[in-house]
Each structure stands twice: as structure tokens, then as C-alpha cells.
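Enquirer: Okay, handing you the structure first.
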Amino acid sequence: MPAQQAIELIPRDKLVIVPPNFELYRKTSDYIHSIFGEVTGNYQSVALDEAYLDVTVNKLNEPNTLKVANYIQQKIVRETHLTCSVGISYNKFLAKMASDYRKPFGRTIILGQYAEDFLRPIPIEKFNGIGKAMQKKLHDMDIYTGGDLQNLDQDVFINTFGKMGYVMFRRVHGIDDAPVEGHRVRKSIGRERTYNQNLVLNEQIEKELKFLADLVGKDLKKQRQHGKTVVLKLRNSDFETVTKRMTFQDYVQDKGEIYRIAKEIYDKLDISDQKIRLLGITLTNLDPLSYEEVSLKLFTSEGNK
DNA sequence: GCACATCTA
DNA sequence: CTCCTAGATGTGC
């Protein structure tokens, strides 16, 4: 992983638009994740630049977690010139909250006896798991901080927010059982596009559906998966979103087939008068190709990509 | 159990 | 109403 000079002398008074470089991000991310793998066999990637590491026991044989964090941070900054923040605690939720506490190059540790104290002053919008919708409801109830949440009854949480309420009730009291999940199984593969100009003509819509079906088909093949359900997603010019799906007995993988199914769902909707802002196609009900299917494809030299 | 909408990251 | 991808959950049938 060669060090990359991403930032040059940028004039302070000018807005400079830097084009994205996803290849570099992917490569850098892979490298950083390889460092995680060097530290522990049990880590969960959650984004290009984020992961949960279970370092209860670790490959460095280092019981001091602050030293483990230091090792990771130093190595990343040395090799990539990027900084990162680390949060350390006894569960994933608190570790995440801790990592947000000091950025961009911080280390924060939350010990069990201080968990509730730590959360008390934090505004609810910073809580992992509380999004826009929950926030609004809570603000309407005059609840703004972790401390406000801690004063609520479990019943109120559950009655207002269901299962998520139960999870959040425990979290604000420092309890979270979510395991570090090393490799998670992919459950859907999909693509969507928002168009600069709303689509009106059937011709355009067919073209875009073909394009999306193509992308999804390619991804399926690359990941050696096929699925039984095709989901079509549409959003019109009024931002109304619908999804419609068709499930089959047999697996679908071919892009032509995906397109035909998506088109069929679209035609059934009978909305050719609407201006389409977004189209999406997703395959779910996924399963990996069997060994036989994979070897057949390789044998017929159709495989890969 | 499926279809669909909504919420969250 | 940034846009995109994906998972989880609630609701209705």
C-alpha cells in the first residue's frame, strides 16, 4: 500500500471539487481491513472505513486495549497518512459512541461503571439507532439527551417504539448484546438510479430498466448468487415511492430475464402517465450457486464477471 | 409466510 | 426531499 498524496495545496478562497476515486478508496479500505485481520480474527466491517473489532483476546497478545488501539492507529497513519478514531468498551454500542466522542484522531474508553454517566449529556440524535423518525417523536415528548432517556420507563420505550424501543432502553443503560458478526450473509443485491430529468417515455424507461437489470445481473454473477424474487422500485415526481415484487419457484440470474420480469411488473402497475424520478431493481431471496452450477459455468467458459 | 412500507446506517 | 445500498422491523393479509 503506497502512501498516496491526496491533498495538494488548495487555495483557501476557492471551492475545489475533487472527483471521487473509488478504486483508491477500495484499495485503502482493503489495506486497513487487513490490519484489523492482523489484530483479531473476529472483526465486523460496517463500511469502507469502519469496523468493530473484538479484541478481548487478540493476535498481538496485548491485554491492554488502549495499546491495541494505539497500534492500529499508528500503523494506519504511518502507512496511509489517514487518521482514525477508536472507541473502546464492553459492547458495540458503547464502542461506537466512544469512537464518535473524539475525532478525528482520538481514543476514548468507556468503562462499565461510567457508561450511564457517559451517555447522560449526549444529545439523542448522536445515539446509534436513533434516526430521524425516532428523534422527532422523542423531541415531541420533550426528550433531548441520554439523561432524559435514562429517566424513561422500559414500558414507555416499548409501547412507543416496539422492538427498537426495547433495544434502545437497554442501550441507554449501557446494555447491548449485539455480537461482532464476522461474515454476514448477503440477503439482497440491487441497484437504483435517480434521474436528473424525470422519465416519461416508455422507451426511456425500458432503456433504464435494461441498464439496471444489466448491473444487477453482473453483480449476481460476480458474487455467484441467484435469487427467486425480483423487486421493482419506483419514485414519481411527487416523491411517492412504491415497490412491487414477483417471486418465482425457480431462480433468476440472467440479466435478460431480470429485465423481462421488471418490465412485466412495471406494465402491470399501469402508470405510464407518471413522471418517474427513480427506478430500482433488486433481487432478494438469494442463494449461492451450487457447486454444480458454478462448475458448469466455468466449464462452458461462460463464468466470471 | 409473503408483500409492502418505513426506518436506520 | 443529496443519492445509493442494504438490513431490520411493523403491518396487513
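Enquirer: If the reach is capped at under 22 angstrom between alpha carbons, list the lysines near residue A:263, excluding any in the same chain fewer than eight residues apart.
Expert: Answer for residue A:263, where 22 Å is the Cα cut-off: A:207, A:210, A:218, A:221, A:228, A:233, A:244, A:255, A:275, listed by chain and number.
Enquirer: Restricting attention to the alpha-carbon atoms of region A:188-299, what are Rg (one decimal) and Dmax (integer), both in Å?
Expert: 14.5, 49
Enquirer: What is the diffusion coefficient of region A:80-146 in µm²/s, taking the Kirkwood radius over Cα pairs and the Stokes-Einstein relation at 25 °C with a viscosity of 0.890 mPa s?
Expert: Reported coefficient: 191 µm²/s.
Enquirer: Could you state the angle between the C-alpha long axis of helix A:92-101 and the longest principal axis of the C-alpha atoms of chain A, as a value from 0 to 90 degrees rounded to the nearest 10?
Expert: 70
Enquirer: What percent antiparallel are the DSSP beta bridges of region A:188-299, to the nearest 5?
Expert: 100
Enquirer: Oh, and also: For residue A:260 and residue A:105, FRET efficiency with R0 = 41 Å and r from the beta-carbon atoms, rounded to 0.05?
Expert: Efficiency, rounded to the nearest 0.05: 0.20.
Enquirer: At 1.4 Å probe size, with the rest of the protein present, what percent of the exposed accessible area of region A:119-172 is carbon and sulfur atoms?
Expert: 51
Enquirer: A further question follows. On average, how much area does the Cα convex hull of region A:119-172 cover when viewed from any direction, in nm²?
Expert: One quarter of the hull surface, i.e. the mean projection, equals 3.0 nm².
Enquirer: Nearest 10 degrees is fine. How inclined is helix A:202-222 to the longest principal axis of chain A, computing both from alpha carbons?
Expert: Roughly 60 degrees, rounded to the nearest 10.
Enquirer: Looking at region A:122-222, which GluC sites (Glu not before Pro) are in a loop (DSSP not H, G, I, E or B) and have at most 15 other Cβ atoms within 10 Å?
Expert: Qualifying residues, ordered by number: A:181.
Enquirer: Next question, about the same structure. For a quick check of your reading of the filter: which trypsin sites (Lys or Arg not before Pro) in region A:58-110 sit in a DSSP loop and have no more than 12 other Cβ atoms within 10 Å?
Expert: Within region A:58-110, the qualifying trypsin sites (Lys or Arg not before Pro) (loop, at most 12 other Cβ atoms within 10 Å) are A:59.
Enquirer: Rank by packing, highest mean first: peptides A:256-265, A:156-165, with packing defined as the count of other Cβ atoms within 10 Å averaged across residues.
Expert: Highest to lowest by the protection proxy: A:256-265, A:156-165.
Enquirer: Right, something else. Quote the FRET efficiency, to the nearest 0.05, computed for residue A:74 versus residue A:268 with a Förster distance R0 of 41 Å and r equal to the Cβ-Cβ distance.
Expert: 0.10
Enquirer: While we're on this one: From Cα coordinates alone, what are the radius of gyration and Dmax values for chain A in angstrom?
Expert: 23.9, 65
The values are calculated or read from the model by the stated rules, or taken from the named source; none is laboratory data. This is a predicted model, so every value here is computed, not measured. All Cβ positions, even for glycine, are placed from backbone atoms using ideal geometry, and neighbour counts span all protein chains on display. We work out accessible area using only protein heavy atoms, side chains counted, and drop any ligands, DNA or RNA first. Shrake-Rupley method; radii C 1.70, N 1.55, O 1.52, S 1.80 Å.
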